[in-house]
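As structure tokens, the structure follows; a few thoughts come after it.
The values are calculated or read from the model by the stated rules, or taken from the named source; none is laboratory data. Every value quoted in this text rests on a predicted model; they were computed, and no experiment measured them. Glycine also receives a Cβ, built like all others from the backbone with ideal geometry; neighbour counts cover every protein chain displayed.
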């Protein structure tokens, strides 16, 4: 009996000793401000959504959460910076679906998306909307596809291999047409060029396009989601507009360098979940077309790997070439 008691006493002590570093890591973090890199320009959909979440995250963590915009190269500059940062919980990445496009389009990336970054939490998903200037006299997606078959059209994006680039490629593949890609530094610049009719059309997040559509500077042709967007209930989906497999929905979320202690990742995941459960956050996100999507860090990682494979398939289907 005494031997058995001693065994369980020692076993319990070993378990406690094993758990102590993990507990200490979570309790001691954070001790200083946290940097969140957004790999897109100020005013982009990813930037707006990140700031809505991080505004409420700072009080929960007890430290300032500072957003740093490092746009360019389809989000790969900022993502690479985050991937190569110290895995101590003080540098995070807040990005969008472009993260899983990059491995399919940039063969010489300085980082491995699935290996060097780990999912923390998804804030939600944003349907894209195919939009065009009213000056182009095209009012439906069918008319856009017909125009692309009869003449050369151009489309704007937030950069080569950005999510807005991919959204249009899905539409073009489904419609059996091609168009000239005109990439810009970020989403706001791309929207402005289409609104002024210097470029024919684009696909971008409903949150970014909504103000221009409301002002009549853009016409919404279709939303790229399986069901209509609550932010634009009168706009048909790409399927309703006659295109099969043209849907493409952007996710927005937070990631960390892959070697970040699991205890810190789990704490961040819980705190982001608290922010997303706040009514004030829900209201702000709903107003810009963000739809909730709750996943665990492990589910987020699996989704990233699956999307990378899908995007490699898009590159092959569209016969896209990248330098």
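General observations
- Once segment 231-243 is narrowed to residues that are part of a loop (DSSP other than H, G, I, E, B) and touching a strand residue (DSSP E or B) at 6+ places or on another chain (Cβ under 7 Å), the residue that is surrounded by the fewest Cβ atoms within 10 Å (Cβ to Cβ) is 236.
- Residue 301 falls short on exactly one of the conditions (1) surrounded by 14 or more Cβ atoms within 10 Å (Cβ to Cβ); (2) within 14 Å of residue 130 (Cα to Cα), and that condition is (2).
- So residue 268, is it in a helix (DSSP H, G or I), modelled with pLDDT of 95 or more, buried (at least 21 other Cβ atoms within 10 Å of the Cβ) and at negative phi: yes
- Condition check for residue 91 on (1) farther than 26 Å from residue 275 by Cβ; (2) more than 17 Å from the chain's Cα centre (by Cα): one failure, at (1).
- Test: residue in segment 141-148 that is surrounded by 18 or more Cβ atoms within 10 Å (Cβ to Cβ), in contact with a helix residue (DSSP H, G or I) (Cβ under 7 Å, 6 or more places away or on another chain) and under 28 Å from residue 41 (Cα atoms): no
- Segment 244-264, subset in contact with a strand residue (DSSP E or B) (Cβ under 9 Å, 6 or more places away or on another chain) and under 10 Å from residue 224 (Cα atoms), residue surrounded by the fewest Cβ atoms within 10 Å (Cβ to Cβ): 249
- Scanning segment 196-207 for residues that are over 12 Å from residue 167 (Cβ atoms) and buried (at least 23 other Cβ atoms within 10 Å of the Cβ), we see that the one that is modelled with the lowest pLDDT is 207.
- Residue within segment 146-153 that is in a loop (DSSP other than H, G, I, E, B), touching a residue at least 60 places away in the same chain (Cβ under 8 Å) and within 28 Å of the chain's Cα centre (by Cα) present: no
- In the set 96, 110, only one residue is at pLDDT below 95 and out of contact with any strand residue (DSSP E or B) (no Cβ under 7 Å at 6 or more places or on another chain); that residue is 110.
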